[in-house]
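Shown next, in structure tokens, is the structure this report addresses.
Coordinate-derived values only; no laboratory data. Since this is a predicted model, take the numbers as computed values, not measurements. Quick reminder, even Gly has a Cβ in these numbers, built from the backbone with ideal geometry, and neighbours come from all protein chains shown.
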Amino acid sequence: MSRSPSALPVRVGVIGARGRMGKTVCEAVKGDSECELVAELDLGDSLDQLTQQRVQVVVDFTSPDVVMDNIAFCIKSGINVVVGTSGFTAERMAEVELWLAQRNSVKVLIAPNFSVGAVLMTEFAAMAAPYFESVEIVELHHPEKLDAPSGTSIHTAAKVAKAREHLAQSPDATLEESMQARGVFVNGIPIHSLRVRGLMAHQEVILGGVGETLTIRHDSMARESFMPGVLLAIKEIDHLSGLTVGLAPLLLGP
């Protein structure tokens, strides 16, 4: 999918524009000839600016406590939304789908990770998962990250679990130690979260069988690694329908 060379630039608004990710998104949008940054909003700014500036696509990098209100406003206003904010549960996604049912022309893309490498890591892990007896996920981030486990690891666990749904759960004979040491189980897949100064965003999926292991790891060392995915989502979201979770449909097709 690609935009027509004669198409007008997409009018973009960024919510959370003064945060670390928001600032990087603003710079990326300004540097792309197919986009035009027309609204930069942060805490306390009126969302009415989005309609006043005729924004076509909003990028939200805010926080879990405000993101749902932002999405609701955008859907009601007929504005497509690209969401990088974390903290999305199945219940929250179901609520977004209910809102979209009232405005079926609006599209919402919620991406656990905008890095091309991270998307491929998840896909590769799902491909490999049916061939190994054991699988666990380790996600490593900087200590300012608000949620644990990360949205990327939860999304990966869901995909891996679906690929393994015909298999028995990974063997685990742990009895005496605290089960908290085994991480958080998401869809039956253990996830271990590390928050360490000096890290950015990292994840590895460790798969094991008799006499062998396979480790699939991705590392983001800078926020700029997420920008190609953000720009792709901005420019191609209109080709989607309703609620889409993850960048894979735009990168790899449905």
Nearest 10 degrees, 0 to 90: helix 20-30 Cα axis against the chain principal axis: 50
If you build the Cα gyration tensor of the chain and take the root of 5 times each eigenvalue, what three semi-axes come out, in whole angstrom, biggest first? 34, 18, 17
Computed over region 116-221, the convex hull of the Cα set has an average projected area, in nm², of 7.1
Using amide H atoms built 1.01 Å from N in the peptide plane, name the residues 5+ places from K107, or on other chains, whose amide H lies under 5 Å from its own. N80, V81
Cβ-based net charge around V135, under 15 Å, with every Lys or Arg adding one and every Asp or Glu removing one: -3
Note, ³J(HN,Hα) from phi for region 108-124, Karplus 6.51, -1.76, 1.60, rounded to Hz, x at Gly and Pro: 10, 10, 9, 10, x, 7, 9, 6, 4, x, 5, 4, 5, 4, 4, 5, 4
Where nothing but the Cβ of Lys and Arg (+1) and of Asp and Glu (-1) is charged, how large is the charge dipole of region 1-63 around its Cα centre, in debye to the nearest 20? 100
Through the Karplus equation 6.51 cos²θ - 1.76 cosθ + 1.60, θ set to phi - 60°, convert the phi angles of region 224-232 into ³J(HN,Hα) values in whole Hz; use x for Gly and Pro. 4, 5, 8, 5, x, x, 4, 5, 4
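Looking at region 62-146, which GluC sites (Glu not before Pro) are DSSP coil and have at most 15 other C-beta atoms within 10 Å of their C-beta? The partial results should precede the final answer.
Numbers: sites: E91, E95, E97, E123, E133, E136, E139, E144; in loops: E133, E144.
Sparse-neighbourhood loop GluC sites (Glu not before Pro): E133, E144.
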Could you compute the FRET efficiency for F185 and E27, with r as their C-beta to C-beta distance and R0 at 35 Å, rounded to 0.05? 0.35
Among V230, L146, T62, pick out the residue whose Cα is farthest towards the positive end of the charge dipole of the chain, where Lys and Arg carry +1 and Asp and Glu carry -1 on C-beta, about the Cα centre. V230
The chain: most fluctuating residue of I15, I79, I216 per GNM, C-alpha cutoff 10 Å: I216
Output ordering of 33-42, 151-160 (per-residue mean of other Cβ within 10 Å, highest first) is 151-160, 33-42
For the chain, take the longest principal axis of its alpha carbons; what is the angle in degrees between that and the long axis of helix 151-163, to the nearest 10 within 0 to 90? 60
Could you calculate the FRET efficiency of S63 with V210 from 1/(1 + (r/R0)^6), where r is the beta carbon distance between them and R0 is 41 Å, rounded to 0.05? 0.35
Mean-position separation - Cα centroids, region 1-72 and region 232-247, in angstrom: 14
If you fit an axis through the alpha-carbon atoms of helix 67-76 and take the longest principal axis of the Cα set of the chain, what angle between them do you get, 0 to 90°, nearest 10? 50
